[in-house]
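Laboratory data are not the source of any read-out in this text; all were calculated from the coordinates shown. Worth saying up front: this structure is predicted, and the values here are computed from it rather than measured. Counting neighbours? That spans all protein chains shown, and the Cβs are built from the backbone with ideal geometry, glycine included.
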Amino acid sequence: MGRSLRGGDLPAARQRLGHLCGRDPSTLDEPEIARATVESVAENTSDAVVAPLVWGAVAGLPGLLGYRAANTLDAMVGHRNVRYARFGTPAARLDDLLNLVPARLTGLLTVALAPAGKGDWARAWRVWRRDRDDHPSPNAGQCEAAMAGALGVRLGGRNVYFGRVEVRPFLGDGPRPEARHLARAARISRAVGLATLGLAVAYPLTAGRLVAAAARRAGPLAGNAARRVGRR
């Protein structure tokens, strides 16, 4: 995408955008294509990288597969239209629930690792705290606001989907993204993924053991309490 935009090849960039998001790219200029790409990178860092690792660490292979199934279902039918209203809305709400923690972790890690993309973590922290709840999605705003602050750009605005238009609040301060911001966003995304992988590997050795020990202790205590109640 970055090479296409730097080379002025808008038709190729528009074609590539179709693999990242569901927007209608036919009339988008370079800044709007770059904005859509940065927003997709920010959100997909959570959906496709951080969340699977989190659920895999917490609940093992069943947790990872269960999350991916819910996320795929949301991508397929979680649309706001009449056709999928009954089935798509529950799928979207389940995906929102499963991403509550991963999205916020993604936002925090994006803030902390902003220097990986030559960004300013202090500015990213300020923008994340100020703008994260302005997005209509309870989770996407966490990731996009942090990335906007890290890159020093402004995300949000008018999004045209096929047959539908959404106007979203602006996130961040500064100019609209350009081709040069895409590589920086990708570097931050990679750093967040690697940091999450480290946390996922460490979880069973640290917090996972504490949770398991607490569960083992709670089992006998609950059994004793039940027996005392039975005697009464």
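Estimate the FRET efficiency between ALA69 and VAL165 by the formula 1/(1 + (r/R0)^6), using the beta-carbon distance for r and 30 Å for R0, to the nearest 0.05.
On the way: r = 31 Å, r/R0 = 1.02.
Here the calculated transfer efficiency is 0.45.
Could you work out how much longer the chain between ARG158 and ARG176 gets when fully extended? Use 0.36 nm per residue separation minus the Cα distance between them, nm to one decimal. Don't skip to the answer; put the middle values down first.
Numbers: separation 18, 0.36 × 18 = 6.48 nm, distance 1.25 nm.
Gain in length upon complete extension: 5.2 nm.
If I model a spin label as a point 7 Å beyond the Cα along the Cα-Cβ vector, how far apart are those points for ASP9 and LEU100 in nm?
4.5
Given 10 °C and 1.306 mPa s, how large is the Stokes-Einstein diffusion coefficient of segment 37-200 in µm²/s, with Rh as the Kirkwood radius over Cα pairs? Kindly include the intermediate steps, with their values, before the conclusion.
Working: Rh = 15.9 Å.
Once the numbers are plugged in, D ends up at 100 µm²/s.
So what is the relative contact order for segment 37-200, in percent, with contacts set as C-alpha pairs under 8 Å and at least six apart?
On the way: 273 pairs, mean separation 42.2, N = 164.
Rounded, it is 26 percent for segment 37-200.
Multiplying the sequence separation of ARG190 and ASP24 by 0.36 nm and subtracting their Cα-Cα distance, what value in nm do you get? Please report the intermediate quantities before stating the final value.
Working: separation 166, 0.36 × 166 = 59.76 nm, distance 2.70 nm.
Using 0.36 nm per residue and subtracting the Cα-Cα distance, I get 57.1 nm.
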